[in-house]
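Following: one structure in structure tokens, then a few remarks.
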Amino acid sequence: MNRIWNETMECMSRDDMRKLQGIRLRKAVERVYNCCEPYRKRMQEKGVEPGDIKSIDDIVKLPFTSKKDLRDYYPFGLLCSPMTDIVRLQASSGTTGKPIVVGYTRGDLDIWGEVGARCFTAYGIQKQDVVQISYGYGLFTGGLGAHCAVETIGGTVLPMSSGNTEKQIMLMHDFGAVGLACTPSYALYLAEALHNSPYPRDEFKLKIGAFGAEPWTEGMRKDLEEKLNIKAYDIYGLTEIIGPGVGYECEFQHGTHLCEDHFYPEIIDPETGEPLPPGQLGELVFSTITKEGMPLLRFRTRDLTSLNYEKCECGRTAVRMGKILGRSDDMLIIRGVNVFPSQVESVICELPQLEPHYLLLVDRVNNLDTFEIQVEVKEEFYSDEVAKMLDIRKRIVHRLQSVLGISPDVRLVEPRSIERSQGKAKRVIDKRKFQ
Ligand code: DLL
């Protein structure tokens, strides 16, 4: 079975890809300069004109864009197409007030279908497969993005959206869903529901998971694969760029291939904005070089990762990105130490006594940061015997101390006591923000 949707684009030589990216970038720069006042002003301030962009190497001459620009020009200030050509709006809820809004032309929706089809083909989804889409439908890009991906391939979409977990399991069983697309945290919840359902495991046809929209670790992958008896693949994306489909894992799972003929990636030093060489960890920046409705050039994602340009065993030459460590704004600074929730998750998944359901609680008492981790113990290990619980606790504290460099206060909690998530999990409560 050929698991490559668009061989020309996914397997193009690096030289040809850079030439194509250059041609597309030039067109994109002309478009934003001519159609969007804020872009033109920003470029003029930097002393750059469309004619200065001759190849993809010239991208570094362009100014960055950020979430703040999308807020400042809310709702439609960054559109480059007239409203008559915008056929869809999507939005992502920001942490503060107004959402980030993106407008798509019909051409943009075609690109979305195309890149989405690359993802689901790489996972092994075929025309005859039913794919259950349990990302939320609506303004969030997850549901409709995965939907158009599966439709483009010609697979059968089961548009569940999130929630109504018992019904999800019933239809997954009755309709013989082969693929499941949802957040990894909702997949965990569904796995629990499946386990407690009246249906025998061998009556499910589920084989493939397309999980993303939030950081998840290798440990979480293993856990989901075991619990659901599937192969779990990463799908990456963000509203500002298009939604899910910006990147995907192939069957070798050595990184997430990016659709770089549409979304040109760079890694920069988040402090200085300077480009970093391949392999180095930094902030991911994207330029959409084919979008019409709301192209974004040098958009700072705040996601921290690295890029690998080696050809992959699958035959694709498309650049691979490492697992997202987290967003720079997800990073907690506790007693001066940088902590990413994903580091905590990887430790929790290492310990067989624990479930990957956890909560990080950070506070400040008497000018000192407090850091508590609540984590569920597996049913079979949960016990009234203090000594047994203390032993598990000692192990996790020891591992966390060596990985994080600080000692959190660990509270082992009963199975199923931490609230389950149906979308993106909220695993951090930082009360210092409200002080
Ligand atoms: O989460 C789009 C999406 C939907 C992607 C469904 C994949 C599947 P936003 O709500 O705008 O869009 O959030 C984008 O989520 O900048 C990352 O920080 C994070 N993110 C998305 N996919 C992944 C992933 C959607 N596979 C933000 N791994 C991004 C880690 C991810 N983080």
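The numbers here are math on the coordinates, done by the rules we state, and not lab data. Please read all numbers here as calculations on a predicted model, not as lab measurements. Methodologically, a virtual Cβ is constructed for each residue, glycine included, from the backbone with ideal geometry; neighbour enumeration extends over all protein chains shown.
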Legend entry - Proportion of all alpha-carbon pairs of the range 334-434 beyond 22 Å (%): 29 percent
Inset, instruction - Using θ = phi - 60° and the Karplus relation 6.51 cos²θ - 1.76 cosθ + 1.60, list the HN-Hα couplings for the range 310-318 in order, rounded to whole Hz, with x at every Gly or Pro. - result: 5, 5, 8, 4, 6, x, 6, 9, 4
Legend entry - Ranked packing of 228-241, 354-367, 127-140, 108-121, most packed first, by mean Cβ within 10 Å: 108-121, 228-241, 127-140, 354-367
Inset, instruction - Would you mind classifying the range 75-126 by shape? Square roots of the alpha carbon gyration tensor eigenvalues, ordered a ≥ b ≥ c; an a/c under 1.5 is rounded, otherwise it is prolate if a/b is larger than b/c and oblate if not. - result: oblate
Legend entry - Share antiparallel - DSSP beta bridges, the chain, percent rounded to 5: 65 percent
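From Cα pairs below 8 angstrom and at least 6 apart in sequence, can you work out the relative contact order of the range 334-434, rounded to a whole percent?
35 percent
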Inset, instruction - Normalising by the residue count of the range 284-373, find the relative contact order in percent from Cα pairs under 8 Å and 6+ residues apart. - result: 16 percent
Legend entry - Rounded to whole Hz, the Karplus (6.51, -1.76, 1.60) HN-Hα couplings of the range 356-373, x for glycine and proline: x, 10, 8, 9, 9, 10, 10, 8, 10, 10, 6, 6, 10, 6, 10, 9, 10, 10
Inset, instruction - Note down the magnitude of the dipole of the chain about its Cα centre, charges +1 on Lys and Arg C-beta and -1 on Asp and Glu C-beta and zero elsewhere, to the nearest 20 debye. - result: 760 debye
Inset, instruction - Using only Cα atoms, find the angle between the long axis of helix 218-228 and the longest principal axis of the chain, and express it within 0 to 90 degrees, rounded to the nearest 10. - result: 70 degrees
Legend entry - Amide proton proximity set for LEU238, modelled H, under 5 Å, gap of 5+: GLY243, VAL246
Inset, instruction - Quick one: which residues, 5 or more positions from VAL413 or on another chain, have an amide H under 5 Å from its amide H? H modelled 1.01 Å from N in the peptide plane, none for Pro or chain starts. - result: VAL375, GLU376, VAL377
Inset, instruction - Could you tell me the convex hull volume per residue, in Å³, taken over the Cα atoms of the range 169-240? - result: 82 Å³
Legend entry - Relative contact order [Cα under 8 Å, 6+ residues apart], the chain, whole percent: 14 percent
Legend entry - Residue-wise HN-Hα coupling along the range 252-259, computed from phi with Karplus coefficients 6.51, -1.76, 1.60 (Hz; x: Gly, Pro): 7, 6, 10, x, 9, 5, 9, 7
Legend entry - Cα-centre dipole for the range 334-434 with unit charges at Cβ (Lys and Arg positive, Asp and Glu negative), debye to 20: 460 debye
Inset, instruction - Would you kindly give the portion of the calculated P(r) for the range 43-131 that falls above 14 Å, as a percent of all Cα pairs? - result: 76 percent
Inset, instruction - Rounded to the nearest Å, what's the spacing between the alpha carbon centres of the range 139-155 and the range 9-79? Just the number, please. - result: 27 Å
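How big is Rg to Rh over the chain, alpha-carbon atoms, Rh as the Kirkwood inverse-mean-distance radius?
The Rg/Rh ratio comes out at 0.98.
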Inset, instruction - Take the alpha-carbon centre of the range 322-349, take the same for the range 257-274, and report the distance between them in whole Å. - result: 21 Å
